[in-house]
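To start, the structure itself, in structure tokens.
Rule-based calculations on the coordinates, nothing more; no lab input. Computed from a predicted model, the values in this text were never measured in an experiment. As a convention, Cβ positions derive from the backbone with ideal geometry for all residues, glycine included, and neighbour counts pool all protein chains shown.
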2 protein chains.
Amino acid sequence: MNYEDAIVALADPTRRTIIDKLRGGGLPVGAIAEGLPVSRPAVSQHLRVLSDAGLLHVTPKGNKRLYSIAPEGVDSLRRYLDSLWDDALAAFARAAEDQAKGKTDE
Amino acid sequence: MNYEDAIVALADPTRRTIIDKLRGGGLPVGAIAEGLPVSRPAVSQHLRVLSDAGLLHVTPKGNKRLYSIAPEGVDSLRRYLDSLWDDALAAFARAAEDQAKGKTDE
DNA sequence: ACAAATCGTAAGCGATGACTTACGGTAAGT
DNA sequence: ACTTACCGTAAGTCATCGCTTACGATTTGT
């Protein structure tokens, strides 16, 4: 999906700890909220943001709702950073080369 | 450095367009602000945030100041997402396996 | 059928953040 | 030396965001 929503979603520290809790696998809302310093509705709101950003999958399981990390969402961000990484390295190499050629001014 | 500051810095759309402008190489503040819908001081503030996050290098060049992307900062975020990507894939595979084994409930 | 559990949503509040204008400071040009 | 260009910082304003409490909906258990 669009990496822009994903990066905004991951900018919040509470949402990152939620994501970290889901690294081992899917969890219902109650288990996610357990131990967190915020209320359960707050967690629900965070889960909404993460889902809208394409970072989470939701599977209704009877009474509960299982949230799990969506690999595709993570991958969209990964690809953005990879392209940024490539360009940054290329620009850095070019700058170093210019520096070696004595192009300190211009 | 710490990927947390980096992800917060990249969450802002204006800061992302600034980063995009620097993909080709270092630029002074004036050139960066040119064409942007915000004032030059606003750009300066954004550059400060990006620098503090370890995403930019600053090289004073006489009158001007050249800002360029710091590959190390981008890499810190890349590593975080790679680890998240690995865990997400593993959890996904495990969930698919459990599903195949008929563990739909429990 | 009734009670309890699980969860999402609405409304309201306080804090953070992005922006503007105004100003000061340093380097380059004449 | 004086002016101009380039840039960072301070102060203040306005919108956005994360949080809480209160409530409603749906599902499970008795």
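Hey, what do the phi angles of segment B:59-68 turn into as Karplus ³J(HN,Hα) couplings, whole Hz, using 6.51/-1.76/1.60 and θ = phi - 60°, x for Gly and Pro?
So the J values, rounded to whole Hz, are 10, x, 10, x, 6, 9, 10, 8, 9, 9.
Can you figure out the FRET efficiency of A:Arg48 with A:Ala90, using R₀ = 45 Å and their beta-carbon distance, to the nearest 0.05?
Computed FRET efficiency for A:Arg48 and A:Ala90 comes out at 0.70.
From the label point of B:Gln99, set 7 Å along Cα to the beta carbon, how far off in nm is each other copy's matching point, shortest first?
5.0
Distances in nm, one decimal, shortest first, from A:Glu4 to the same residue in every other copy, taking the label point 7 angstrom along Cα→Cβ.
Its label point is 2.8 nm from the equivalent points in the other copies.
For label points placed 7 Å from Cα toward Cβ, what is the shortest-first list of nm distances from B:Val58 to its copies?
Ordered by distance, the counterparts are at 4.4 nm.
What is the Rg over Rh value, at two decimals, for segment A:3-100, using alpha-carbon atoms and the Kirkwood definition of Rh?
That ratio is 1.18, to two decimals.
Note down the nm distance, to one decimal, between modelled labels 7 Å out along Cα→Cβ at A:Asp20 and at A:Val58.
For A:Asp20 paired with A:Val58, the spin-label model returns 2.5 nm.
With respect to the symmetry axis carrying chain B onto chain A, which residue of chain B exhibits the smallest Cβ distance to that axis, and what is the value in whole Å?
Whole-Å result, nearest residue of chain B to the axis: B:Ala11, 2.
Which residue fluctuates most in the GNM of chain A (Cα springs below 10 Å): A:Ser76, A:Ser39, A:Ser68?
A:Ser39
Over chain A, with a Gaussian network built from C-alpha contacts below 10 Å, which listed residue (A:Leu27, A:Leu84, A:Leu55) shows the highest mean-square fluctuation?
A:Leu84
How much net charge surrounds A:Pro41 when only other residues with a Cβ under 15 Å from its Cβ are counted (Lys, Arg +1; Asp, Glu -1)?
+3
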